[in-house]
1. Of the heavy-atom accessible surface of the stretch 29-376 (probe 1.4 angstrom), what whole percent is carbon and sulfur?
2. Suppose R0 equals 30 Å. What FRET efficiency, 1/(1 + (r/R0)^6) with r the Cβ-Cβ distance, do His110 and Gln240 give to the nearest 0.05?
3. Given the DSSP H assignment, sum -39500 (n - 2.57) over each helix run of at least 4 residues in the chain and divide by its residue total; what's the result at 222 nm in deg cm²/dmol, nearest 500?
4. Taking only C-alpha pairs under 8 Å that are 6+ residues apart, what is the relative contact order of the stretch 29-376 in percent?
5. What whole-number value in Å² describes the accessible area per residue of the chain for a 1.4 Å probe?
6. Can you tell me how much longer the chain between Glu84 and Thr98 gets when fully stretched, taken as 0.36 nm per residue apart minus their C-alpha distance, in nm with one decimal?
7. Where Lys and Arg each count +1 and Asp and Glu each count -1, what net charge lies around Pro245 among other residues with Cβ under 9 Å from its Cβ?
8. Considering only lysines 8 or more places apart in sequence, or on different chains, count the pairs in the chain whose C-alpha atoms sit under 25 Å apart.
Amino acid sequence: MLPAGVIADHGRHPGFRTGPAACYILAAMKSSQITIPQPDDWHVHLRDDAMLSTVVPDTARHFARAIVMPNLKPAITHSAAAAEYRARILAALPRGSTFEPLMVCYLTDHTDATDLSAGAAQGIFTAAKLYPAGATTNSAAGVTDVTKLDNVFEAMSVSQVPLLVHGEVVDDDIDVFDREAVFIERILAPLRARHPQLRIVLEHITTAEAVAYVAAADPDLLAATITPHHLSVNRNAMFQGGLRPHMYCLPIVKRERHRRALESAACSGDSHYFLGTDSAPHPRADKESACGCAGIYNSPTALATYLEVFERANALDNFSAFAAENGARFYRLPLNETLVTYTRSQTPLETAPVSESGVVIFQPPFALHWQELKRDV
Ligand code: DOR
Ligand code: ZN
């Protein structure tokens, strides 16, 4: 739902038919616009040191707030480390930026529930992240057995601190494409049964099974983020004419039927689903390697990709819910007051293939047309 007074005039008219005579009209109609509260990114990797200062402006340019992943080396496992990391992020922002980083505690087998609860009470921690040990980049210090953390989950249930979940099992006998579905069955469902009041975000969902599992839950207790890459490519993209390391991320992109399920979920506007880019930059050489890192850097193209996906699904009316409302409601934060107008250009946008620091930027397999036109603060 859009707030009162917001115009979403995206120029799609039911019953409109294309054809030779209609082409001219279509071209005219494509100069469309959409105005929504400024979006937030509910899942991003900003890294640290030199990489931090090059990627922060790309996120801060588009998003008002972001949930910042804690999988640094060493990981952000305590509130003092989170407060320092937050200060480094703020110091790396362009002058005048009002971007707000929201910090996350990286759970380990030894997480101090008292420090986590105190950090949340002081406003340092917005959430805590469960990385199963070995599941992804910088997850070696993650959790080896979730049942060992029942005291932490109990404390989080009481203090209503959301648990953010990387939902993949790491067992060698499980096919990499099945890791998410098996995680839901073996780990997440029992965890939720043990902690029915724990508020959970299943991060970067990739499968029809995850969509269905999340849809069945109370949206105040279980929600999911969806990335621009999982919405716009299927697993063929990793092998198009050769091995494509820049399409490799975890959870790995899946079959087309899963992409379609994600698209339906995101584009429905359903409050269970919201925007989380999982933008995860790695130096180019670490991706183009015999053992390449998992992670797709999409901050510069994310919003344009999401808008294109929604437009192609004829669902721009639901874009505000997905990009600017559902996440804030789940996190019990106010909607952003700044209104942003995006406009659709008739000609494809020219986007940079790499960032200034040389990180390859995600490009979906279709042209991008949407860009920010103006802001009303
Ligand atoms: O592809 C990924 N990259 N998935 C993750 O879960 C972590 C991320 C990273 O930090 O590079
Ligand atoms: Zn991530």
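1. 51
2. Values: r = 43 Å, r/R0 = 1.43.
The pair His110/Gln240 has a calculated efficiency of 0.10.
3. Values: 13 runs with 111 residues, N = 377.
Taken over the chain, the calculation gives -8000 deg cm²/dmol.
4. Working: 702 pairs, mean separation 67.0, N = 348.
Worked out over the stretch 29-376, it gives 19 percent.
5. Values: 15930 Å² over 377 residues.
For the chain, the solvent-accessible area averages 42 Å² per residue.
6. Numbers: separation 14, 0.36 × 14 = 5.04 nm, distance 1.82 nm.
3.2 nm is the gain from fully extending Glu84 to Thr98.
7. Working: positive: Arg244, Lys287; negative: Glu288.
Neighbour charge sum, excluding Pro245 itself: +1.
8. Working: Lys30/Lys374; Lys73/Lys129; Lys73/Lys148; Lys73/Lys287; Lys129/Lys148; Lys129/Lys254; Lys129/Lys287; Lys254/Lys287.
Qualifying lysine pairs in the chain: 8.
The values are calculated or read from the model by the stated rules, or taken from the named source; none is laboratory data. Given the structure is predicted, the values throughout are model-derived calculations rather than measurements. Don't worry about glycine lacking a Cβ; one is built from the backbone with ideal geometry, like all the others, and counts go over all protein chains shown. In case anyone asks, the SASA skips ligands and DNA or RNA and just uses the protein heavy atoms, side chains included. Shrake-Rupley method; radii C 1.70, N 1.55, O 1.52, S 1.80 Å.
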